[in-house]
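Asks: Here it is, the structure, as structure tokens.
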Amino acid sequence: MPVDVVFFGPPGSGKGTQASRLASTLGIPQVSTGDLLRANVARGTELGMIAKPIMESGALVPDDLVTRMLKERIVQPDAAGGALFDGYPRTVPQAEALDRLLEEEGRSLTAVLFIDVPDAPIVERLVKRAMLEGRADDTPETVAARLKVYREKTEPLAELYRTHGVFHRIDGDRPVEAVAEDVLAAVKKASGGKLA
Ligand code: AMP
């Protein structure tokens, strides 16, 4: 059975770090729409040219563009055994699209992991990341914009997924190792011990 897991949480919650660690542990690809979009920007594709100014402002790239890009990614052979979704879905229509896309493949979400971190440590982490990685969208202005977009558009997904029965809240305001242990335990439990 494929293992499809959504990582969701505020920007800077560490969901990318956690998805990447779990990808190595399970041998399942991390699918980060942020990374896919940045690759499009770097290659100068049509999608990249549309996405660049939107990403720099901290807003969301339109649902249909991101969903089309995601669909192309999850039908790749390496994702046949599942995918670890990092940064997708970010809106209710994206969550509905993901359900449909997985259903078309005879799959459904194994788990949704909500990496919960309060605002104060988030801002601190994002400012640090801006210095270390030099991400164009980690300036103080866009950090605030991205947090606002997250609260308005993405956080409501918690309620939606809570009713799905696959929802796990994980306290993300702890060292990476401790969070990773809980992430692995939640995914093992959700997959009914098939990963033990
Ligand atoms: P991230 O690396 O996940 O923080 O994403 C960086 C930026 O890419 C976001 O601030 C958005 O502008 C854009 N982006 C990434 N994923 C999505 C998505 N699922 N829907 C819309 N925009 C996205």
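Derivation of every value follows stated rules applied to the coordinates shown; laboratory data play no part. Computed from a predicted model, the values in this text were never measured in an experiment. Using ideal geometry, Cβ is built from the backbone for each residue, glycine included, and neighbour counts are taken over all protein chains shown.
Asks: Before rounding to the nearest 500, sum -39500 (n - 2.57) across all DSSP H runs of length at least 4 in the chain and divide by the residue total; then give [θ] at 222 nm in deg cm²/dmol.
Replies: So the calculated ellipticity at 222 nm is -16500 deg cm²/dmol.
Asks: Could you compute the FRET efficiency for Arg43 and Asp78, with r as their C-beta to C-beta distance and R0 at 30 Å, rounded to 0.05? Before the final figure, lay out the partial values.
Replies: On the way: r = 20 Å, r/R0 = 0.66.
The computed FRET efficiency comes out at 0.90.
Asks: Please give the length that would be gained between Glu155 and Arg68 if that part of the chain were fully extended, namely 0.36 nm times their separation in residues minus their C-alpha to C-alpha distance (nm, one decimal).
Replies: Gain on extension, Glu155 to Arg68, equals 29.1 nm.
Asks: May I pose another question? Among rounded, prolate and oblate, which fits segment 138-189 when a ≥ b ≥ c are the square roots of the eigenvalues of its C-alpha gyration tensor, a/c under 1.5 means rounded, and a/b larger than b/c means prolate?
Replies: Oblate, since a/c reaches 1.5 and b/c is not below a/b.
Asks: In nm, to one decimal, how far is the modelled label at Leu195 from the one at Lys148, with both set 7 Å along Cα→Cβ?
Replies: Distance between label points: 3.6 nm.
Asks: State, to one decimal in nm, how far the label point of Val176 lies from the label point of Ser20, with both points 7 Å from Cα in the Cβ direction.
Replies: Placing both labels 7 Å along Cα→Cβ, they lie 0.7 nm apart.
Asks: Less than 13 Å Cβ to Cβ from Ala59, Lys/Arg counted +1 and Asp/Glu -1: what total charge do the surrounding residues give? Write down the numbers at each step before the final one.
Replies: Working: positive: Lys52, Arg90, Arg146, Lys148, Lys153; negative: Glu56, Asp63, Asp137, Glu141, Glu152.
Every neighbour counted, the sum reads 0.
Asks: Then there's this: For segment 1-97, what is the relative contact order in percent, using Cα pairs closer than 8 Å and at least 6 residues apart in sequence?
Replies: Relative contact order of segment 1-97: 45 percent.
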